[in-house]
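The values are calculated or read from the model by the stated rules, or taken from the named source; none is laboratory data. In this text the structure is predicted, and so the values were computed from the model without any measurement. Quick reminder, even Gly has a Cβ in these numbers, built from the backbone with ideal geometry, and neighbours come from all protein chains shown. Just the protein is used for accessible areas: all its heavy atoms, side chains included, with ligands, DNA and RNA removed. Shrake-Rupley method; radii C 1.70, N 1.55, O 1.52, S 1.80 Å.
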Amino acid sequence: MQPCGISHNAAVNLESPLEIFMLLLTPTFMEYIVAQPNVYATQKNASLDLTVEELKAFLGILIIMGFNTLPSLRLFWSTDINFHIERIACIMPLKLFLKILRFLHLNDNNAQPQKGEPNYKTHKVKPIINHVNKTFRLLFNPSRYLAVDESMIKFKGRSSLKQYMPMKPVKRGFKMWVLACSVTGYCLAVSL
């Protein structure tokens, strides 16, 4: 029986949180993510030419914005000293950030199934769900005790997948089914 915990392959040479994060976003998947917004921009008669380095910078900015919130995205680049966040403003110009945000896509719209067909509603997020499920299982050896439970992802926008569950701490959002290790709480797989 294998021990519960980080798999041998994942535990090698991890020295920083960034290296751990990059185990989840493999170079192959980053290339895939970069290609899709470029395809979507072309479909909308625009040019993006997103690179992997720009995508990494974009994701870093989103993480910083997550713990340093402001009323508007544009305020991070504001000239007002009360709002301006130099760490964000020096990484990427506002126009490029907004352009990436506008064209960020994970799956080609031309390959989307017709309404009523399987995977119609989840087509746009299916690549990241598949990647996460595969990667989570590779990085961790679970205990023999597993649990399946529902989890809510907070979402305030419009979507036919959004649910209202008044008894949950997060009342509105996407309900996902999660397979987790009962001993550590590590997530092994998710499903919408």
### Query
Out of the residues in region 4-38 that are among the hydroxyl-bearing types (Ser, Thr, Tyr) and surrounded by 12 or more Cβ atoms within 10 Å (Cβ to Cβ), which is modelled with the highest pLDDT?
Tyr32
### Count of region 21-40 residues which are over 15 Å from the mean Cα position of the chain (by Cα) and either among the charged types (D, E, K, R) or over 20 Å from Lys126 (Cα atoms) (or both)
0
### Query
Any chance region 102-109 includes a residue that's more than 30 Å from Cys181 (Cα to Cα), of a type in the set (Lys, Arg) and within 17 Å of the chain's Cα centre (by Cα)?
yes
### Query
When Ala41 is evaluated against the numbered criteria (1) open to solvent by less than 60 Å² (accessible area, probe 1.4 Å); (2) among the aliphatic types (A, V, I, L, M); (3) without any contact (Cβ under 8 Å) to a residue 24 or more places away in the chain, which criterion, by number, is the only one it fails?
(3)
### Message
Give all pairs with beta carbons closer than 7 Å in which a residue from region 130-150 that is on the phi > 0 side of the Ramachandran plot meets a residue that is open to solvent by 90 Å² or more (accessible area, probe 1.4 Å) and assigned to a loop (DSSP other than H, G, I, E, B); count only pairs at least 6 apart in sequence or on separate chains.
### Response
none
## Note on the structure
Selection over region 66-78 where residues are out of contact with any helix residue (DSSP H, G or I) (no Cβ under 7 Å at 6 or more places or on another chain) and surrounded by 13 or more Cβ atoms within 10 Å (Cβ to Cβ) yields a count of 3
### Message
Residues that are in contact with a strand residue (DSSP E or B) (Cβ under 7 Å, 6 or more places away or on another chain) and loosely packed, with under 14 Cβ neighbours inside 10 Å: list the strands (runs of 3 or more DSSP E) wholly contained in region 79-192 that include at least 3 such residues.
### Response
146-154
### Task
Taking Leu94 as the residue in question, decide whether it is closer than 21 Å to Ala46 by Cβ and out of contact with any Phe, Trp or Tyr (no Cβ under 6 Å at 6 or more places or on another chain).
no
### Query
Can you tell me how many residues in region 126-176 are under 28 Å from Gly5 (Cα atoms) and out of contact with any helix residue (DSSP H, G or I) (no Cβ under 6 Å at 6 or more places or on another chain)?
27
